[in-house]
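The values are calculated or read from the model by the stated rules, or taken from the named source; none is laboratory data. Quick caveat, the model's predicted, so the values are computed rather than measured. Counting neighbours? That spans all protein chains shown, and the Cβs are built from the backbone with ideal geometry, glycine included.
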């Protein structure tokens, strides 16, 4: 009998190919078929599985078709355009129903009580969807970790996002907003009017804010990271179409090579910034005026000289990348849709302006008064309801779980459709697709009878750590704009929300500004 050392290379190759064939069959056919039978046995209906790709090609086709059909101005019923595949499946198969994300079934759960159970995750039975190699290149950090690693990172990050720390960043918010509106003011015609696309304006604003609040004196390097991250997000979307081709990531395609280049440059820049900050703190220099300084100091306190208790430099790099993607993207999306919606509803724009001028006049808003703005807060909540930056969350089952009377097998993805729930007439009433900030007049908890009817920042223990940062920045920007300008939609504006990881305006957000 031949030993392993005596086996021929051809024999080893044959064994390896056989193992790969069995693994591929298990991954791409046997497991999906087993999970499909288990779901259908529970009465859950859905699409038929297609080898390797599942519903991805059909999803791409329906998205492409939807993007050729803009919505009427003033229409907030955006779900069929933004999520056409899921809208079609729910219409055909009811709720809950499933689609296929490659070889993995994705069940859409839209019952608020079931969503509360999944997001509270008391017993650790519902985990995050596995992050792809491509997704990790954009950002991972605390948002993608689980178990003890998540708990450790969240514990270390919490001090940086305490409201007292965010309060100290308000002057940065204010200065960036004033620089933006001054630039708008200088572009005005002699009649005091101008037109601009506010979408890239708000991307630049929030990029400036996160660069300065995260990296302070290393702002210029931070801006470069922001530009690279933005390019990486665009390339990631292109790559998702090939995500289910085994080994595709390792092919030297132009997109793959560029994403690796971006990853290396971002890590090099961040490693240099973090190293300088750590040396400064060890030398006794104060470095807690920005998020990175707060994070590094918190990490040093937590580890107390024991590396295993704190974050590694690579861990901190991932959290800094997440600062960028979450901190810049969420607020720019919120501000863009807020100006679009207030242009469609000038009566609410005027009510917001009256409140802002009553509290601040033409002076810079202060922290305490910003938190007392009722109308502005109601408007931001209603925009987040109708146009949530993230349109769905996903979780997966670790073992067989009974949820809403249905037994879901292990390794099933659960899709929590924020957009569907935020627009559900059974939850919000007949005017669910209308802009009505009054529904939040008594706060979020009294807007509906369900705790998880409104969750633009997630819910439960994993609720977004930066939500107060994002809302305070949005309030400051909106107040600064309302103090200086009135605005309406440009005739060139096309109402076409669609997703590029978050909810973007497909053709920009062209607004006509008038100086007041």
For this session: For residue 427, indicate whether it is touching a helix residue (DSSP H, G or I) at 6+ places or on another chain (Cβ under 6 Å) and either more than 25 Å from residue 123 (Cβ to Cβ) or at pLDDT below 95 (or both).
Result: yes
For this session: Could you grab me the full set of residues in region 88-97 that are in contact (Cβ under 8 Å) with a residue 60 or more places away in the chain and either outside any loop (DSSP other than H, G, I, E, B) or under 19 Å from residue 499 (Cβ atoms) (or both)?
Result: 90
Problem set entry | Qualifying positions in region 92-102 - modelled with pLDDT of 95 or more and in contact with a helix residue (DSSP H, G or I) (Cβ under 9 Å, 6 or more places away or on another chain) | 96, 97, 98, 99, 100
For this session: Quick one: in region 291-346, of everything that is at pLDDT below 85 and outside any helix (DSSP H, G or I), which residue is nearest to residue 477 (Cα to Cα)?
Result: 304
Exercise. Which numbered condition trips up residue 57, out of (1) modelled with pLDDT of 95 or more; (2) not in a loop (DSSP other than H, G, I, E, B)?
Worked result: (1)
Problem set entry | Condition broken by residue 402, with the remaining ones in (1) in a helix (DSSP H, G or I); (2) surrounded by fewer than 18 Cβ atoms within 10 Å (Cβ to Cβ) satisfied | (1)
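Condition check ((1) within 21 Å of the chain's Cα centre (by Cα); (2) in a helix (DSSP H, G or I); (3) surrounded by fewer than 18 Cβ atoms within 10 Å (Cβ to Cβ)) across all residues:
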residue	(1), (2), (3)
143	yes, yes, no
171	no, yes, yes
177	no, yes, no
182	no, yes, yes
Exercise. Just a yes or no: is a residue in region 24-43 touching a helix residue (DSSP H, G or I) at 6+ places or on another chain (Cβ under 6 Å) and within 30 Å of residue 425 (Cβ to Cβ)?
Worked result: no
Problem set entry | Complete set of residues in region 420-452 that are under 30 Å from residue 151 (Cβ atoms) and buried (at least 19 other Cβ atoms within 10 Å of the Cβ) | 421, 422, 452
Exercise. Can you pull out the residues in region 187-199 that are more than 14 Å from residue 516 (Cα to Cα) and free of Cβ contacts under 8 Å to residues at least 12 places away in the same chain?
Worked result: 187
Exercise. How many residues are over 30 Å from residue 429 (Cβ atoms) and in contact (Cβ under 8 Å) with a residue 12 or more places away in the chain if we restrict to region 385-418?
Worked result: 12
Exercise. Would you say residue 106 is closer than 23 Å to residue 388 by Cβ and modelled with pLDDT of 95 or more?
Worked result: yes
For this session: Output the number of the condition that residue 376 fails; it satisfies all remaining conditions of (1) within 14 Å of residue 118 (Cβ to Cβ); (2) over 21 Å from the mean Cα position of the chain (by Cα); (3) buried (at least 19 other Cβ atoms within 10 Å of the Cβ).
Result: (1)
Seminar exercise, completed: Counting only residues that are surrounded by fewer than 12 Cβ atoms within 10 Å (Cβ to Cβ) and at pLDDT below 95, region 16-42 contains a total of 9
